[in-house]
């Protein structure tokens, strides 16, 4: 199976990277956490203009008619820059959910960058950032409905809230949300991959600049091994994400268990990002966890996303069940 990305995918990643670098996302994330979502909303508008918000939406509804592989390439970059908001929900889950439920008329707004989130039991009982978006949806026992906020809770990630939502107007019944949930799991995996890559870069840069005994700490073997372990974990996780995306796009042998591949991608990226958070904090020391340092944004978002759309334990169990 071919795991190498094409020039088109590299260009997509570079375009998003350039937009987010120019936007200074750490500053926008801090503003979002403080209740000022103007800067991040402007970024979402730019992403919508370039077709990122509508990657999984058909061109007839203002989308890009792309596939899961393009989605994970894009979302990895959003994770790398710590973009706040319900990324997996708005870019991956809802385009698939609304399409499968027959509510394609709502896809145009999503493609244009309109904020939206959802809750789908059992993996996503709470809706992410429901208080920061325009549209909320909830799926309960196969019934898709408009969601109304009942209670909003704080998250370990200061840029993220979690809300209990109750069902309002019913949009569709007998809805199969399986594919939408799979898209959410895979998008979260891609986001974790980007977060891990960013934390590795932050730690490596610090290790080159920080000196002890007249030498950069990055020259010490123990530090090298710490960062090398992270790099290996990330590079081992990346092909699992791409393989799962190819499975969703139907570019794998018919006997492939795509859902198992998606679960494996989430487990691997969660482990790699968690390792990146631990090791980068060890390299930087306590300063890395202060609110003033950008690393703290990545560490707290990683911690929040480890359990988003299913904990590693849930997905490990799912993998185990397919092997019995």
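Taken together, the values in this text are just the output of simple stated rules run on the coordinates, not laboratory data. Here the structure is a predicted model, which means the values were calculated and not measured. Cβ: placed from backbone, ideal geometry, glycine included. Neighbour counts: every protein chain shown.
Per 0.36 nm of contour for each residue apart, how much would the distance between residue 8 and residue 60 grow if the chain were fully extended, relative to their Cα-Cα spacing? Intermediate results must be reported in sequence, preceding the final value.
On the way: separation 52, 0.36 × 52 = 18.72 nm, distance 2.18 nm.
So the chain would gain 16.5 nm between residue 8 and residue 60.
Just order 182-189, 42-49, 306-313 by mean Cβ neighbour count inside 10 Å, highest at the front, would you? Write down the numbers at each step before the final one.
Working: 182-189: 28.9, 42-49: 17.2, 306-313: 19.5.
Order by mean packing, descending: 182-189, 306-313, 42-49.
Tell me the angle of helix 312-323 to the major Cα principal axis of the chain, expressed in degrees between 0 and 90 and rounded to the nearest ten.
70 degrees
Name the residues of segment 101-131 whose amide N is less than 16 Å from a point 7 angstrom out from the Cα of residue 143 along the C-beta direction?
In segment 101-131, the label zone of residue 143 (backbone N under 16 Å from the point 7 Å along Cα→Cβ) covers 119-121.
Averaging over every viewing direction, what projected area does the convex hull of the Cα atoms of segment 1-127 cover, in nm²?
Averaged projected area of segment 1-127's Cα convex hull equals 8.6 nm².
Compute the length gained on full extension between residue 289 and residue 178: take 0.36 nm times their separation in residues and subtract their Cα-Cα distance, giving the result in nm to one decimal. Kindly include the intermediate steps, with their values, before the conclusion.
Numbers: separation 111, 0.36 × 111 = 39.96 nm, distance 3.71 nm.
Gain on extension, residue 289 to residue 178, equals 36.2 nm.
Enter the angle in degrees (range 0 to 90, nearest 10) between the Cα long axis of helix 294-306 and the first principal axis of the Cα atoms of the chain, meaning the one along which they spread out most.
50 degrees
Rank-order 142-148, 171-177 by packing density, defined as the average count of other C-beta atoms within 10 Å over each peptide's residues, highest first.
Values: 142-148: 18.1, 171-177: 15.9.
Going by the mean number of other Cβ atoms within 10 Å, highest first, we get 142-148, 171-177.
Given the -39500 (n - 2.57) contribution per DSSP H run of 4+ residues, what per-residue ellipticity at 222 nm results for the chain, rounded to the nearest 500 deg cm²/dmol?
-18000 deg cm²/dmol
Along the Cα-to-Cβ line of residue 152, 7 Å from the Cα, sits a label point; which residues in segment 62-99 have backbone N less than 15 Å from it?
85-86
With r as the distance between the Cβ atoms of residue 201 and residue 169 and R0 = 45 Å, compute the FRET efficiency 1/(1 + (r/R0)^6) and round to 0.05. It would help to have the intermediate numbers written out before the result.
Values: r = 45 Å, r/R0 = 1.00.
It comes out at approximately 0.50.
Separation of segment 185-219 and segment 293-307 by C-alpha centroid, Å?
Centre-to-centre (Cα) distance: 13 Å.
I'd like the orientation of helix 68-80 relative to the chain: the angle between its Cα long axis and the longest Cα principal axis, in ° from 0 to 90, rounded to 10.
50 degrees
Given the peptides 97-109, 114-126, 27-39, arrange them by the average over their residues of other C-beta atoms within 10 Å, most packed first. Show your work: numbers first, answer last.
Working: 97-109: 18.0, 114-126: 20.2, 27-39: 16.5.
Listed from highest to lowest mean packing, they are 114-126, 97-109, 27-39.
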